[in-house]
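Heads up: the structure comes next, in structure tokens.
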Amino acid sequence: DRTQDDIYLEDYGKSTARLKRIFRHMKDLPMHVVVTALQKRVMPPNAQNLTNPQPKWVGPQLTEKLANSLMGYMDCVWYYYIDETDDGPVRTLLTQKHGAFVAKTRGQSFSKALGVTVPNPNLGRIFDLLIETEVKAK
């Protein structure tokens, strides 16, 4: 007996289609929207045979189709991590693709002003920079 809470293989396609629709609608909202996701690491097929395997791809923890679609829908897809430095841990935002890590910032002026990484990011200051660079660019 199927219940509303049971998940079956055919439900993944429906779920992906519905989430894609939701993300597309979010893009059209008259406001900025922040979406967060855990990370997903895709390892190469031979990873178990390697001494220090490196991921093939690191991005949002979504289905592959949804993660790829999300990259197209969103103006900014960033990777947030802790960078271990000699002075201690630093919260860091990766704003451009780097190796296996997917990230992007749309808008040439904003992307350039923001930089490839942002140490100790503050969304308020980042938003102010977005507004400042958009106004200057127009």
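The values are calculated or read from the model by the stated rules, or taken from the named source; none is laboratory data. From a predicted model like this one, the values you see are computed outputs, not experimental measurements. Positions of Cβ are backbone-derived with ideal geometry, glycine not excepted, and every protein chain shown enters the neighbour counts. With ligands, DNA and RNA removed, areas are computed over all heavy atoms of the protein, side chains included. Shrake-Rupley method; radii C 1.70, N 1.55, O 1.52, S 1.80 Å.
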Meets criteria (open to solvent by 60 Å² or more (accessible area, probe 1.4 Å), among the hydrophobic types (A, V, I, L, M, F, W, C) and assigned to a loop (DSSP other than H, G, I, E, B)) for residue 135: no
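I need the full set of residues from segment 4-36 which are of a type in the set (Ser, Thr, Tyr) and modelled with pLDDT under 90, in order please. Give the steps one after another, and end with the answer.
Going through segment 4-36, the residues of a type in the set (Ser, Thr, Tyr) turn out to be 8, 12, 15-16, 36.
Within segment 4-36, 8, 12, 15, 16 qualify.
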Residue in segment 16-31 that is farther than 29 Å from residue 117 by Cα, basic (Lys, Arg) and free of Cβ contacts under 8 Å to residues at least 40 places away in the same chain present: yes
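With the requirement that a residue be more than 22 Å from residue 37 (Cβ to Cβ) and open to solvent by 60 Å² or more (accessible area, probe 1.4 Å), what does segment 121-132 give you?
Once the filter is applied, which keeps residues that are more than 22 Å from residue 37 (Cβ to Cβ) and open to solvent by 60 Å² or more (accessible area, probe 1.4 Å), segment 121-132 yields 125, 128, 131, 132.
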